[in-house]
Amino acid sequence: MEFKDGQHILLIGDSITDSGRRGEHAPYGDGYVSLLRAFTIARHPEVRLTWTNHGIGGNTVRDLVKRWDVDAIAPRPDWLVLMIGINDVWNGFQGYPHLAVPLEEFTETVRDLLRRAVEATGCRLVLADPYLIEPDRAEPQRAVSDRFVAAFGALAEEFDALHVPMQAVFDAALESTRSEDWADDRIHPNLAGHALIADAFLKVLDI
């Protein structure tokens, strides 16, 4: 397993990470973060870890910039897990073009955030792709999303981060299932969808 005894794992991102962690499902949410934590404890009870969920629904990279020092750097995590980018694309297809983030801005912003975190804390990184649970790669939102996925993968390589290829994982699942089997809106997972995300993390982290 990549995690070591005594380490602090901090996960940050949008609603997929948040998943109710600021409300009735505090402090971990009822999504993939909670599942990942539970399976890690179950499989490695001897490894004592501290977990922090700092996901906030609706966030784009612009929102992360505003809270990065407090929510990502100040807690001084040993592992920083980032999943972001869905809203950066989604806003442009939902009538909020002023909230959509262009690919170049997205890439440069994530690069700067990761650099700052690593320089300040020495943390290791896990980057999980944004995704759209849509099998038609020519569908307009999926086509744009794929460009962000490619940029995220390149950043993972640039920073020697562990990479969770979520779009590829959902694509594999869609070979025998429907989008609505995982999420009603192609984005916000049901329990099975969150389990698929958690399972992808478990494989990458060798848990």
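For the reader, a short list of remarks on this structure follows.
- 3J(HN,Hα) along the stretch 184-190, derived from phi through the Karplus expression 6.51 cos²θ - 1.76 cosθ + 1.60 where θ = phi - 60°, amounts to 5, 10, 6, 10, 7, x, 7 Hz, with x in place of Gly and Pro.
- In the stretch 1-131, Rg over Rh equals 0.98, where Rg is the alpha-carbon radius of gyration and Rh the Kirkwood radius from pairwise Cα distances.
- Shown is the FRET efficiency for N190 and R67, computed with R0 = 45 Å from the Cβ-Cβ distance and rounded to the nearest 0.05: 0.95.
- The stretch between R76 and D181 holds 34.0 nm of extra length on full extension. This uses 0.36 nm per residue minus the Cα-Cα distance.
- Highest-fluctuation residue, D71, D18, D129 considered, GNM on the chain with Cα pairs under 10 Å: D71
- For the chain, the 222 nm mean residue ellipticity estimated from helices alone, with every DSSP H stretch of n ≥ 4 adding -39500 (n - 2.57) and the total spread over all residues, rounds to -13000 deg cm²/dmol.
- Shown for the stretch 122-197 is the translational diffusion coefficient from the Stokes-Einstein equation, using the Kirkwood radius over Cα pairs, a temperature of 20 °C and a viscosity of 1.002 mPa s: 165 µm²/s.
- Peptides 173-179, 149-155, 54-60 ordered by average Cβ neighbours within 10 Å, highest first: 54-60, 149-155, 173-179
- Taken one residue at a time, the phi angles of the stretch 167-174 give Karplus couplings (6.51, -1.76, 1.60, θ = phi - 60°) of 5, 5, 5, 5, 4, 5, 5, 6 Hz. Gly and Pro are set to x.
- Charge context of T52, other residues only, Cβ under 12 angstrom, K/R +1, D/E -1: +1
- Relative contact order %, the chain, counting alpha carbon pairs below 8 Å whose residues are six or more apart: 23 percent
- Among residues other than T121 with Cβ under 14 Å from its Cβ, the summed charge is 0 (Lys and Arg +1, Asp and Glu -1).
- Each residue of the stretch 77-84 is assigned a 3J(HN,Hα), and the resulting list reads x, 7, 10, 10, 10, 10, 10, 8 Hz, derived from the Karplus form 6.51 cos²θ - 1.76 cosθ + 1.60 (θ = phi - 60°), x at Gly and Pro.
- The residues packed around S15, meaning those with a beta-carbon under 14 Å from its beta-carbon, carry a net charge of -4 if Lys and Arg are +1 and Asp and Glu are -1.
All of the numbers you see were taken from the coordinates with simple rules; none came from a lab. Values in this document were obtained by computation on a predicted structure and should not be read as measured data. Ideal geometry is used to build each Cβ from the backbone, glycine not excepted, and the neighbour counts take in all protein chains shown.
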